[in-house]
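Structure first, commentary second.
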Amino acid sequence: MAKMINCTGAPPTCDKALKCPFVSVYRTVMSDCSLRMLDGDCLHRIFSLLRPCGGLRPLSLTCKWIRSACMIVLFDECSLMATRLRDAEGIPPTSLWPYIRRLKVMEQFAYYPAPTELDFPPETLYLTSPRVVATCHEEVLRTALCAMPRLDTIIILDSKNFGVPWVIFATILSTPQLRVFEIRGRIHRAFDRLAEPPYQSFAPLRAFRYVPDHIDTPVRIGPIEKRMLVILLEQVSVTLETLVLPSESVPLRLMSLWEWPNLRELRLRGDSRPIHRCRTPLVSVFGRMPRLHTLSLLLAHSKKSPLGPLWPAHSECKSLPWAELKSLTLSWIHPDDLIFAHLPPTLRHLSFRAWPRLFIMYYDAHRLWAERVHWKLKAPKSAQISRILPLCPSANLERIELEYVADSAELELLRRIPDIAPRLEWLQIIRYRSAWDLSPVSVVRGVG
């Protein structure tokens, strides 16, 4: 089909086209209609639909005009190889810079020793190398990023947890047109040194996502990494709309002091012990987020640090600060939590689930890892959910997710869900039984 498209409106003249029974129809259509008649938005939509199924590249090879029109979609997302930044080989060609909107940074930031370090002992070289890599990469990276006018998203894929040098981290954040910054891996390297950035301000980010791999590699957050996040969040809290962080690195005390007028999505995931050590209730910590729509707290239970209520009875908070809340996800239920009875009628999605998922205990490697970091794999019981769910303003609920350990209250819970949430459109249930319960599963028959 791509070969039949003629951007000038002229019919094909090759022998195969002349023998085609559809040539007369093609000539009639193309004489009255052309891709040139479509505006930029229509073309962009067509090209965006073709790209996922692999149809855009063949189309772009049909003629120069279509190739030029496709460039903004073909090269909307490109990759940057961090290991080859020294000679600018890992950066996309300069001819593509006007079209790049999303940039993925792959691999590890390589180390190139400075001449003064070549005679140093290996252990000294190891400690000083981060400053060398910053010297090699900083200017090259800053020049390239500032010359990409459409660039608004940078994603660092650090699957092996090498970390990002602080100066590189600050260089990326100083890109003025940047709006979304995401790190999948680790921010800080254990041997890196923190120096205050020489920049006056960071870009006004709309979204910051820091997602380390909790399951395969235990997250250990040091004071330098916490300081890095404080420097960042203090400057962008006013503009942020989405914030995703590991619970181990959240500056809880400072978050309660900063203003978050535009924040709509907050997701925390990780160890519960930092939350347990915080004396301020979470409803007060997140009390300066009046426009919050999504709150997700996926915290692993610790054997020695049980999780308390988000809104305890002794809290000074008199009303729920999230009047526009639409989605709430919790990995624990506390019977004395006041939040369930004060949820707003705007709530559309409610999730009570375990984190990590309880079924990972059937994998020996994951179970041993959880024991090593002193996590207790635990899901709420159906009796707990049965007591809490009726307290929630559920008349407008459209989506419910429940992960629980079945007990004698399970059938009663399932029977009440249609009455509790009459507008329910989506229901997900992950159900566990005790190891010694070998009775036939009769839930469907009992509910019906």
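The values are calculated or read from the model by the stated rules, or taken from the named source; none is laboratory data. None of the values given here were measured: they were computed from a predicted structure. We place every Cβ from the backbone using ideal geometry, glycine too, and count neighbours over all the protein chains shown. Heads up: the accessible areas ignore ligands, DNA and RNA and are worked out on the full protein's heavy atoms, side chains in. Shrake-Rupley method; radii C 1.70, N 1.55, O 1.52, S 1.80 Å.
Summary table below
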quantity: Summed side-chain charge close to R277 - residues other than R277 whose Cβ falls under 14 Å, Lys, Arg +1, Asp, Glu -1; calculated: +3
quantity: Stokes-Einstein D in µm²/s, Kirkwood radius over Cα pairs - the range 253-303 at 20 °C with 1.002 mPa s viscosity; calculated: 182
quantity: Sum of side-chain charges, I430 neighbourhood, beta-carbon under 11 Å (Lys, Arg +1; Asp, Glu -1); calculated: +1
quantity: Per residue solvent-accessible surface (Å²) - the range 205-341, probe of 1.4 Å; calculated: 42
quantity: Net charge of Cβ neighbours under 9 Å - reference L298; Lys, Arg +1; Asp, Glu -1; calculated: +3
quantity: Anisotropy class of the range 295-347 from Cα gyration tensor, a/c 1.5 cut; calculated: oblate
